[in-house]
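Reviewing the structure listed below.
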Amino acid sequence: MSKQFLDTIKKRRSQYALGNDLPLPQQDVNELIQEAVRHSPSAFNSQSSRVVILHGDQHQKFWDIVKGELQAIVPAENFGPTEAKINSFAAGAGTVLFYEDQDVVKGLQENFALYADNFPVWSEHSTGIAQFAVWTALATANIGASLQHYNPLPDEKVAAEWNIPASWKLRAQMPFGSHQGEFGEKEFMDNAERFRIFA
C-alpha cells in the first residue's frame, strides 16, 4: 500500500509562528486553495462551502477587526496574551475564511424533507472536510497554517467590510504564511482507547 497519502496528511500541523514570505506566488496560493475546496466532497454534492481569501493589508484588517472585538470583552489587565496570539496570526501572509451557505442548506431541506434535520449537520461535515483539504494542501506547499474559531465575534463587521452575502455563515479562519518555528512532538493516545476492530 502506498504511504504517500498518509505521509501528506502527516505534514499538516498547527503552525503558530508565521511569517509573510510565501514559497509560492499569491496567485498559485489562491489556485491551490480553490482546487482543494472544489474537490472536497459535500452531501448531495451540494457544494455549500464558500471561501474568502485575504492577503496582505486585507488579511491584517481582518485580524484588526478580531482584536477590536476581543478588546471589548477581555479585561484590559488580561489582554496581553490575547493580543500576542492575534498578532501571531496577523504576522502571516494571509487568511482563509471558511463559510457555509445557509441558502444551500435550506434548499436541500426543502427539496429533501426526509433528511431536513441532517443537512445542517452535513454542512458542518462539508466545511470540516474543506478546511482539512486546504490545510493539507498548504502543508504540501510548505506553507504553515492553523485553524481558528473567533466567529461569531467578528462576523458582522467582516460581512460589512467585504460585502459577504447574508446567507454565508462564518465557520472558521485559517491564518497562513511561512514557517517561522519548529513543530513540537505530537502526542497520540493509545490505540486501544480510540479504536475497536472486529473481524
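Every number in this text was worked out from the coordinates using simple rules, so none of it is lab data. Predicted model only: the values in this text are computed from it and were never measured. Because the Cβ atoms are built from the backbone with ideal geometry, glycine has one as well, and the counts that use them run over all protein chains shown.
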**Asked** If you scan region 48-82, which residues turn out to be over 12 Å from THR95 (Cβ atoms), surrounded by fewer than 20 Cβ atoms within 10 Å (Cβ to Cβ) and of a type in the set (S, T, N, Q)?
**Response** GLN71, ASN78, THR82
**Asked** Considering only residues of region 148-174 that are closer than 15 Å to ILE86 by Cβ and part of a loop (DSSP other than H, G, I, E, B), which is nearest to the chain's Cα centre (by Cα)?
**Response** HIS149
**Prompt:** Do you know which residues across region 100-156 are touching a residue at least 40 places away in the same chain (Cβ under 8 Å), exposed (fewer than 15 other Cβ atoms within 10 Å of the Cβ) and under 30 Å from ALA72 (Cβ atoms)?
**Reply:** GLU124
**Message:** Could you check region 93-131 and list, in sequence order, the residues that are part of a helix (DSSP H, G or I), in contact with a strand residue (DSSP E or B) (Cβ under 9 Å, 6 or more places away or on another chain) and over 21 Å from ILE164 (Cβ atoms)?
**Reply:** ILE129
